[in-house]
Amino acid sequence: MEHARFAGARNFVMAALLAAALGSAHAQGAQEQAVGGAVADALTTAVGLAAGAAELNPIGPVLAVGVKVVWLQHAKTLPDTERPAAYAAAAAWWQGAAANNLCIAASVLSGGAFAPACVALGVAWGMKTWKDTEAERDFWEGCALLRVYAQDPQMACVYTPPARATATAQAAALTD
């Protein structure tokens, strides 16, 4: 009886982490998705290890945190036209890893039957995350071309995520 209650608590924690780590990523920009993915990857790695999964590389978690910090700092130094692609790549990689980690933890807790499918889930989630940032990456590529065409390398470009642009347009239509 006590074991069943513990298993239920573990399942609740897994569901809560999945919702927190991956559920709100779509409404964010590439930078926010990258930071969220870094945190989600670290947290889900800890959950996987706590569930009994083994890390392939024993110093992997320590190195991974360092690499994430260095990558995020490096991305900040890139020109604004290159920065979204760097953040989007990191977000796709780390959120895909987080999805894989949660799947592996759930697989370990349920006996390990579907562990091979976790790699496919991680890849699919990473591809979804990359696709979610496409509008921002396209905008900054267009901005770079416009700067060249206008012969003004310092011309300001301001990206507005599509969800915000739609809400702004709807609000403007209501006031007209």
*If we only count helices (runs of 4 or more DSSP H) wholly inside segment 27-141, which ones have 2 or more residues that are touching a residue at least 40 places away in the same chain (Cβ under 8 Å)?*
30-51, 83-109, 115-132
*Filtered residues of segment 145-166 (kept if surrounded by fewer than 16 Cβ atoms within 10 Å (Cβ to Cβ), assigned to a helix (DSSP H, G or I) and at pLDDT 90 or above)*: Leu145, Leu146, Val148, Tyr149, Ala150
*Looking at (1) surrounded by 13 or more Cβ atoms within 10 Å (Cβ to Cβ); (2) under 24 Å from Leu78 (Cα atoms); (3) at pLDDT 90 or above, find the lone condition where Thr133 falls short.*
(3)
*From Ala27, Ala53, Ala19, Ala40, which residue is touching a helix residue (DSSP H, G or I) at 6+ places or on another chain (Cβ under 9 Å), at pLDDT below 80 and within 15 Å of Gln95 (Cα to Cα)?*
Ala27
*Would you point out which residue out of Val62, Val47 is modelled with pLDDT under 80, closer than 22 Å to Ile104 by Cα and more than 10 Å from the chain's Cα centre (by Cα)?*
Val62
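The values are calculated or read from the model by the stated rules, or taken from the named source; none is laboratory data. It should be emphasised that the depicted structure is a prediction, and the values quoted were computed from it without experimental measurement. In this analysis, Cβ positions are derived from the backbone assuming ideal geometry, glycine residues included, and neighbour counts consider all displayed protein chains.
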